[in-house]
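The values are calculated or read from the model by the stated rules, or taken from the named source; none is laboratory data. What you see is a predicted model, and the numbers here were worked out from it, not measured in a lab. Virtual Cβ from ideal backbone geometry, glycine too; neighbours counted across all protein chains shown.
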């Protein structure tokens, strides 16, 4: 179930509506629920129901993180964090209430469940509303675990520190490099979900986030430049870190940091852009991932994250041209290695993949159970697409982005082919400064390393590059996408949304891609 | 009001001390430090003229830092039963034993004297779900009455923090914070207005005025028209000014300055302490005891936090020094600013508008990200009310802009400062680091490109 579908297989599965049939995983090797936690979930569900909740869901999560961080030849942080507790969401009338506590004594759990119902009732009294939840299959013994080879928590701290020190040492060999920071964040999370509709689902997530940042300073202290390695976090184990070959690759990152000190400042103007996946993932995240969230489009995030230019749904679904006919964007919670990959979402909806942009046309949003019915007459999809998520036990579940990815060219187009197709362009590697407006139109993105391309060849390094664009214009300037061999995942562990703000881990896959005539500015 | 005897959220000083003593009693390391954070977070959220979610979370987090020689490691846990605490202590010690030495580690502090600060306001700590819902419904009612659409957020935090070391240091602080923010939009999505307050004391949050202001802004911004990007004289309303100025908090650090990677680095080495860098009316301080913007008077390491003057009459007066960097440079340690208090002038916003021949009034900002730390430059966007001013009057609503602006230049280009106020400076609407700033009139502000967003 973890294999990535190619385009043809995907379409076959997706059918006319563009939604792959929801096929729950039942990983028989994944751990099942702890008996005591299961009892507490049942107790909380009973207490919420007795307090008048027509629906409730309960999550017990135990999050463990471990951080090893260094700078140059010294350690700066060795720490572990555990957060454990229970959160209950209740529906009374049409209003939601949420309560959470770290205290897992039976009476505290029951009290929190009653409090969640009481908050919902109080809100419903002051501001009565209607809420409809899309139907979902019941999974009384769901189990899932992130596929991984080596649990990163079994690797000793010393081994992690040694890897980072060796990486730093290599970087410091490069002239001009004065500072290096590096770290490895390991995350394990157990998540037990119970619902009043009869689902009980135990999932265990592994995510790992390495980081290397090199700073070079000019001899007279008059200038400094940094080069972040942009090592994507991943839903994986320790094997992913080994595969990155940080010790070997850091020399290039360090040389690039030093070279940026004397690179040519970019001439502002219109340039073609060749965007490496280590950069393009973030552009996808900001200009496609967020505007296709249905809650944003409907105004639920108006006070913070903003709304969406893709609104109202009846005016844009199946009508709005996002990009060229070869552009296909998939929402996918089954993507191998994806940070948002799971077995089920936080409402017990099975992980699935679906087309968001089909042949360049916007065809679907991201939905939860509460939101599915709002657009089902337009999409013919009656069930939730499974994007509910709360960052931990203390956070109420709400719509969060799945892995949203640009599909590669069906032809075997290499990176060299894409560069060769560029006459006057800039190759951008790595994400840098990024900012986009609250409806996701106007954006400005920097990067880590910039190379001028002339007549199909990379000729020299540039600096202080950022590009400004308007989302529809930018995506319609997509001229060529690389093939499968250029497809990579980028990711973030800290995508913020919601009030109170919650963080979501999410990946975006994409091939290298060429965009024509984009407005480039000099940020120096 | 402050200083009531009613039960506060979060552990009391006695409970904190007992918990610290219990954990220190389990410790076998050379040195141990305990940090406790406890309390509640309550929230009510509205959108499309309904309460969408509301809730309350109760938590206690303990950080145990164990030290053997110069080997340091920490473990955070929120499990407080005896067995879990013992496991956490053993875990921290096991990690510390295998952690590589940190040559910059300095011995734990002994008992310290902290300035007395009580930041806990019962009006905030005792706020009920019903009170939040009633306050939130004011925004909904105001929008409903005009057939507009409201989305808002009330964020409440009440609790305490404590620090203790095996060298007999103990510090305790309890505080509250509340932010109420509201966006009102027209149903066609063509206009949007925002208003918000942030304080430690719920009694100073003016829910009715917030509803009125957001509605007024939304009405006034209808019919916006294009304006060319370029360099403009701008008036930053307090929230917009605070969102930018809060980015200065992390810049006042001596180490990157001395190491050659900060605006405050001096060419050829050293830093720019004592240099006049900004307009002479710019004075920036931090003060844990600032009324309605109180913060803890100690750092996580137990280092005292005092009132500090960072910029006085445009001159860089202080930089923050960690204990290690202070020792290395032969100066006294100084904590990074816990809050941001910028002095202002007497001008009202109306006075400031009257003084503008041609300029832009900015309500608030969005998605502010760093561009170039050498000049402290940032990019971001205007949002929820942007207006052209001509000949001392609001001439018309205009489209939003992306800005690219150096803050060092901005502080040098200040023309008029208004009366300082605490603002909701966090883009997420969370009650966060207290920021008190005046509205600012500045010249040559770079509005780099037009944004179609509303």
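For the stretch B:377-401, filtered to residues that are touching a helix residue (DSSP H, G or I) at 6+ places or on another chain (Cβ under 6 Å) and farther than 20 Å from residue B:242 by Cβ, the residue that is nearest to the other protein chains (Cβ to nearest Cβ) is B:389. Set side by side, the residues A:116, A:112, A:99, A:120 differ, and just one is at the interface with chain B (Cβ under 9 Å from one of its Cβ atoms), within 27 Å of the chain's Cα centre (by Cα) and either outside any loop (DSSP other than H, G, I, E, B) or within 24 Å of residue B:130 (Cα to Cα) (or both), which is A:99. Of the residues making up the stretch B:81-102, those that are more than 7 Å from chain A (Cβ to nearest Cβ), in contact with a strand residue (DSSP E or B) (Cβ under 6 Å, 6 or more places away or on another chain) and under 27 Å from residue A:60 (Cβ atoms) are B:88, B:89, B:92. Under the condition of being surrounded by 19 or more Cβ atoms within 10 Å (Cβ to Cβ) and either in contact (Cβ under 8 Å) with a residue 12 or more places away in the chain or away from chain A (no Cβ under 11 Å) (or both), the residues counted in the stretch B:257-278 number 8.
Of all the listed residues (B:451, B:428), the sole one being within 14 Å of another protein chain (Cβ to nearest Cβ), in contact with a strand residue (DSSP E or B) (Cβ under 8 Å, 6 or more places away or on another chain), closer than 28 Å to residue A:500 by Cβ and free of Cβ contacts under 8 Å to residues at least 12 places away in the same chain is B:428.
If only residues of the stretch A:214-253 that are in a strand (DSSP E or B), closer than 18 Å to residue A:164 by Cβ and over 21 Å from the mean Cα position of the chain (by Cα) are counted, the one that is nearest to the other protein chains (Cβ to nearest Cβ) is A:215. Against the test of being under 17 Å from residue B:162 (Cβ atoms), part of a strand (DSSP E or B) and more than 10 Å from chain A (Cβ to nearest Cβ), the options B:67, B:23, B:34 yield a single qualifying residue, B:34.
Checked across the stretch A:136-155, the condition of being in a helix (DSSP H, G or I), out of contact with any strand residue (DSSP E or B) (no Cβ under 7 Å at 6 or more places or on another chain) and modelled with pLDDT of 95 or more holds for at least one residue. From the list A:76, A:65, A:61, A:83, exactly one residue is within 8 Å of another protein chain (Cβ to nearest Cβ), at pLDDT 95 or above and out of contact with any helix residue (DSSP H, G or I) (no Cβ under 9 Å at 6 or more places or on another chain). Which is it? Unique residue meeting the criteria: A:83. Could you tell me whether the stretch A:254-269 includes any residue that is touching a helix residue (DSSP H, G or I) at 6+ places or on another chain (Cβ under 8 Å), crowded, with 24+ Cβ neighbours inside 10 Å and not in a helix (DSSP H, G or I)? So far as the stretch A:254-269 goes, no, none of its residues is touching a helix residue (DSSP H, G or I) at 6+ places or on another chain (Cβ under 8 Å), crowded, with 24+ Cβ neighbours inside 10 Å and not in a helix (DSSP H, G or I).
Note on the stretch A:387-486: enclosed strands (runs of 3 or more DSSP E) holding 2 or more residues that are within 14 Å of another protein chain (Cβ to nearest Cβ) are A:424-436, A:442-454, A:465-470.
Looking across B:138, B:106, B:127, one residue alone is closer than 17 Å to residue B:292 by Cα and within 14 Å of chain A (Cβ to nearest Cβ). It is B:127.
Take the conditions assigned by TED's automatic domain parsing to the domain that holds residue A:177 and free of Cβ contacts under 8 Å to residues at least 12 places away in the same chain and apply them to residue A:57. Does it pass?
Answer is no for this residue.
Looking across the stretch B:352-376, the residues that are within 15 Å of residue B:231 (Cα to Cα) and either surrounded by 16 or more Cβ atoms within 10 Å (Cβ to Cβ) or at the interface with chain A (Cβ under 7 Å from one of its Cβ atoms) (or both) come down to B:356, B:359, B:360, B:361, B:362.
Name the single residue, out of those in the stretch B:44-55 being within 7 Å of chain A (Cβ to nearest Cβ) and buried (at least 23 other Cβ atoms within 10 Å of the Cβ), that is farthest from residue B:147 (Cα to Cα). Can you show your working first?
So the first thing to find is which residues in the stretch B:44-55 are within 7 Å of chain A (Cβ to nearest Cβ), and the list is B:45, B:47-48, B:50-55.
Next, only the ones that are buried (at least 23 other Cβ atoms within 10 Å of the Cβ) stay: B:45, B:47, B:51-55.
Numbers: B:45: 19, B:47: 14, B:51: 17, B:52: 19, B:53: 22, B:54: 24, B:55: 28 Å.
Checked the stretch B:44-55; the qualifying residue farthest from residue B:147 (Cα to Cα) is B:55.
Of the residues screened, residue B:240 is one that is at pLDDT 95 or above and either more than 19 Å from residue B:340 (Cα to Cα) or outside any loop (DSSP other than H, G, I, E, B) (or both). Of the candidates A:340, A:336, the single residue that is out of contact with any helix residue (DSSP H, G or I) (no Cβ under 8 Å at 6 or more places or on another chain), surrounded by fewer than 24 Cβ atoms within 10 Å (Cβ to Cβ) and not in a helix (DSSP H, G or I) is A:336. Being surrounded by fewer than 24 Cβ atoms within 10 Å (Cβ to Cβ) and outside any loop (DSSP other than H, G, I, E, B): is that true of residue A:319 here? Spelling it out, it is not the case that residue A:319 is surrounded by fewer than 24 Cβ atoms within 10 Å (Cβ to Cβ) and outside any loop (DSSP other than H, G, I, E, B).
Being within 28 Å of residue B:377 (Cβ to Cβ) and not in a helix (DSSP H, G or I) is not true of residue B:294. Does the stretch B:56-68 include one or more residues that are out of contact with any strand residue (DSSP E or B) (no Cβ under 9 Å at 6 or more places or on another chain), over 30 Å from residue A:93 (Cα atoms) and surrounded by fewer than 24 Cβ atoms within 10 Å (Cβ to Cβ)? Taking every residue of the stretch B:56-68 in turn, none turns out to be out of contact with any strand residue (DSSP E or B) (no Cβ under 9 Å at 6 or more places or on another chain), over 30 Å from residue A:93 (Cα atoms) and surrounded by fewer than 24 Cβ atoms within 10 Å (Cβ to Cβ). All conditions in (1) in contact (Cβ under 8 Å) with a residue 60 or more places away in the chain; (2) crowded, with 22+ Cβ neighbours inside 10 Å hold for residue B:122, with the sole exception of (2).
Quick check on residue B:302: is it within 14 Å of chain A (Cβ to nearest Cβ) and in contact with a strand residue (DSSP E or B) (Cβ under 6 Å, 6 or more places away or on another chain)? No, not satisfied.
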